1. Taking the stretch 120-134, which residues are in contact with a helix residue (DSSP H, G or I) (Cβ under 6 Å, 6 or more places away or on another chain), modelled with pLDDT of 95 or more and assigned to a helix (DSSP H, G or I)?
2. Restricting to the stretch 291-302, what's the tally of residues that are assigned to a helix (DSSP H, G or I) and either at pLDDT 95 or above or surrounded by 12 or more Cβ atoms within 10 Å (Cβ to Cβ) (or both)?
3. Taking only the stretch 90-141 into account, find how many residues are over 25 Å from the mean Cα position of the chain (by Cα) and of a type in the set (A, V, I, L, M, F, W, C).
4. Scan the stretch 222-234 and tell me whether some residue there is within 18 Å of the chain's Cα centre (by Cα), among the charged types (D, E, K, R) and either under 15 Å from ALA89 (Cα atoms) or buried (at least 19 other Cβ atoms within 10 Å of the Cβ) (or both).
5. Look through VAL219, VAL206, VAL226 and report the one residue that is touching a residue at least 60 places away in the same chain (Cβ under 8 Å) and either touching a helix residue (DSSP H, G or I) at 6+ places or on another chain (Cβ under 9 Å) or of a type outside the set (Asp, Glu) (or both).
6. Restricting attention to the stretch 166-183, and to residues there that are within 18 Å of the chain's Cα centre (by Cα) and modelled with pLDDT of 95 or more, which single residue is farthest from TYR144 (Cα to Cα)?
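The values are calculated or read from the model by the stated rules, or taken from the named source; none is laboratory data. Bear in mind the structure is a predicted one, so any value in this text is a computation, not a measurement. Positions of Cβ are backbone-derived with ideal geometry, glycine not excepted, and every protein chain shown enters the neighbour counts.
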Amino acid sequence: MKTCKAIAATLFLCLAFAQVPAAAVAEDFRGSWTVSPSAQPGHVQLGLHIRRPGTNMMSQSDWQTSKLQGLDLATAAKHDVQWAIVGDAGRVDAKGYIEKGEGAGTFQFTPDAKFVGAMRAIGFDGIDDGKQFAMALHDISLDYARQMKAEKLEGLSTDQLIAFGIFKVTGAYIRELRAEGISATKADQIIAFRVHDISPAYIRGVKAWGLKPSEDQLVAMKIHGVTPEWAQQMAGNGYADLSIDSMIAFRIHEVTPEFIEKVQGMGFKHPEPDDLVAMRIHEVTPEYIEQLKARGLKDLTIDKLVSLKIHGID
């Protein structure tokens, strides 16, 4: 299973701000902003919106309030504000209003002229104005780029570095993964782990469950909801020793405890996992089986049922 395929759509959306045409100039990086409370203490939800001919881009992310320099959230009454995000990539200057922790206004981005050359020296090239803007929005500093480069990751391109910033990949997170036996050597794999919230605690829980999944299997398990609670339900139906791939296939094709109980109740005692998956893939339902029995068909096996369904025998 290719994890990069699993996250392609997410990355396409999250990297939208990096796709501004290379010919853009600083004046093109104007737009509107919104601020609203965050569930995380000391943070706000910051939304940025740029609308240009042929381009309509939006970003919404959590920001530490302290990094929005000059933003006054303490005053409850409606008041004018001017604040800035200042980083290695450049600065975002904003003005507008705030009332009871919520506000809106306009902003402009001014890129730092030295940033592209400094990033190229670290090993990250191909940074046009759009990518520089994205790096400013996701707080990707020169020091952060050096830290990630020092991890010697496969496939760590400029776009991947931006994705690292978007999904809050840190050196500490990479080291924690490795401490749990994960190789954490591929940039795409690490992004997939962050996208799907695979934490060191989750990995420890899977190990305590007695499983030893590969990195791709870990991602698939998280995506499809293979949990210890679900596994206990399967064990109750006689499937305590499912392989990891079978668990994933059961979840993908909705082989549920209820489905197993109905199939077993129709005389098919403890079908093989592959047979149950085949039944779900080809829509061999309990209702379909009853229909065939009502027509007088006897000695039906799961293989026969699947074959009949494939050949359109209803």
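1. Scanning the stretch 120-134 gives a single hit, ILE122.
2. To start, the set of residues in the stretch 291-302 that are assigned to a helix (DSSP H, G or I) comprises 291-294, 302.
If we keep only those that are either at pLDDT 95 or above or surrounded by 12 or more Cβ atoms within 10 Å (Cβ to Cβ) (or both) as well, we get 291-293, 302.
Matching residues across the stretch 291-302 total 4.
3. 13
4. There is at least one residue in the stretch 222-234 that is within 18 Å of the chain's Cα centre (by Cα), among the charged types (D, E, K, R) and either under 15 Å from ALA89 (Cα atoms) or buried (at least 19 other Cβ atoms within 10 Å of the Cβ) (or both).
5. VAL219
6. Taking the stretch 166-183 first, the residues within 18 Å of the chain's Cα centre (by Cα) are 166-170, 173-174, 177.
Among the residues that remain, those that are also modelled with pLDDT of 95 or more are: 169-170, 173-174, 177.
On the way: VAL169: 10, THR170: 8, TYR173: 13, ILE174: 13, LEU177: 18 Å.
Per the criteria, the residue is LEU177.
Okay, residues lined up against (1) without any contact (Cβ under 8 Å) to a residue 12 or more places away in the chain; (2) of a type in the set (Gly, Ala, Ser); (3) within 30 Å of GLN189 (Cα to Cα):
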residue	(1), (2), (3)
MET57	no, no, yes
GLN64	no, no, yes
LEU68	no, no, no
ALA74	yes, yes, no
LEU153	no, no, yes
